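What follows is a single structure, written as structure tokens, with notes after it.
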Amino acid sequence: MPADKVREYADGLCYTDLMAGYYTGAPDEVLQAIADYSAWFFVWDDRHDRDIVHGRAGDWRRLRYRLHTALDAPRHHLHHPDPLVAGFADSVLRLYGFLPATWNQRFARHFHAVIEAYDREFRNRTEGYIPGVDEYLALRRLTFAHCIWTDLLEPSAGCELPDHVRKNPAYRRAALLSQEFAAWYNDLCSLPKEIAGDEVHNLGISLITHGGLTLEEAVDEIRRRVEECISEFLDAEQKALGFARSLDDGTVRGAELSAAVHSCVGNMRNWFSSVYWFHHESGRYMVDSWDDRSTPPYVTNEAAGEK
């Protein structure tokens, strides 16, 4: 975004507001780091989109490689000439400062997978390949970065959760439903833009292509799935809170884990309201006011960092 477009559009995009509504209770420095990382993520998503639209396969290949290396060695990329890479390194380095190295390694492992999922989307879109519904949903869990946003619940709660807690079925189910809701609601709100742009990556587009649904039927089906996420979460939330209570075994560690899981599950609930608000307030989805419904007015076609 050029400086004039930053002044005109940045606040209205509400990128940091989305995180402020999700990770409530996080220390200020944690929330700031997550909010900055979220803003970076949206900018990366726009760069990825522009590279696809303009056939910049070489630019995307270089960016993909640089993000992988910056994720593993962020301190060495703080002054990278591409501001997207430098901003990523800065965000990652700050996030790495809150919890032990084991959390950092998990975060890196999860984000390496996100980068590769973006590469699969790049190839699908450039080849005009529309994945089937099940294939799309599996890929969407990665391109939406389900694991990343769930990982970030832990620094917000000030506690790295051990494997036996994170992998507990009650905790995992509640976390998955909060993220599925967000991804599918995003698809619903992005559908007009993505149909206008002749895109291939949206649950609605997969339902139309492979499920034989009309546009109206596909919209109804996404809404049904979104509503089902909400009702199923309400049940999963109670089970996850019950699990949190069971962790308090009278020890200091048990009390700490119980409080952390209560915090994490509470913020999973916040994801519903924050995501809903964001999609109706952010200028990112107000396609009816754009001159070109396929292209947000705040993006440019330049590949920043490439000469």
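The values are calculated or read from the model by the stated rules, or taken from the named source; none is laboratory data. These numbers were taken from a predicted model, which means no experiment stands behind them. Neighbour counts are summed over all protein chains in view; Cβ atoms, including those assigned to glycine, are modelled from backbone coordinates with ideal geometry. For accessibility, only protein heavy atoms count, side chains too; no ligands or nucleic acids. Shrake-Rupley method; radii C 1.70, N 1.55, O 1.52, S 1.80 Å.
Taken about its Cα centre, the chain carries a charge dipole of roughly 880 debye when the Cβ of each Lys and Arg holds +1 and the Cβ of each Asp and Glu holds -1.
Roughly how many debye, to the nearest 20, is the charge dipole of region 101-169 about its Cα centre, given +1 on each Lys and Arg Cβ, -1 on each Asp and Glu Cβ, and no other charges? Walk me through the numbers before you get to the answer.
On the way: 9 positive and 10 negative charges, 5 e Å.
Charge dipole, region 101-169, about its Cα centre: 20 debye, nearest 20.
If only the Cβ of Lys and Arg carry +1 and only the Cβ of Asp and Glu carry -1, the dipole of region 25-81 around its Cα centre is close to 440 debye.
For a Förster distance of 22 Å, can you work out the FRET efficiency between the beta-carbons of Thr251 and Ala113, rounded to the nearest 0.05? That pair, Thr251 with Ala113, gives E of 0.05.
Take Arg94, Arg123 and sort them by solvent-accessible surface of the protein heavy atoms, 1.4 Å probe, largest at the top.
Working: Arg94 75, Arg123 110 Å².
The residues order as Arg123, Arg94, largest area first.
Let a ≥ b ≥ c be the square roots of the eigenvalues of the Cα gyration tensor of region 1-85; is it rounded (a/c under 1.5), or, if not, prolate (a/b larger than b/c) or oblate? Judged from the Cα gyration tensor, region 1-85 comes out oblate (a/c at least 1.5, b/c at or above a/b). A straight chain from Arg61 to Phe42 at 0.36 nm per residue would run longer than the Cα-Cα distance by 5.0 nm.
In the Gaussian network model of the chain, springs joining C-alpha atoms below 10 Å, which of Leu234, Leu161, Leu207 carries the largest mean-square fluctuation? With Cα springs under 10 Å in the chain, the top fluctuation among Leu234, Leu161, Leu207 is at Leu234.
Helices in the chain, meaning DSSP H runs of at least 4 residues, each add -39500 (n - 2.57). Divided by all residues, the mean residue ellipticity at 222 nm is -24500 deg cm²/dmol.
Remark: the Cα gyration tensor places region 187-299 in the prolate category, a/c being 1.5 or greater and a/b exceeding b/c.
If a/c stays under 1.5 just call it rounded; otherwise compare a/b with b/c (prolate if a/b is bigger, oblate if not). Do that for region 56-172, with a ≥ b ≥ c from the square roots of the Cα gyration tensor eigenvalues. It comes out oblate by the Cα gyration axes.
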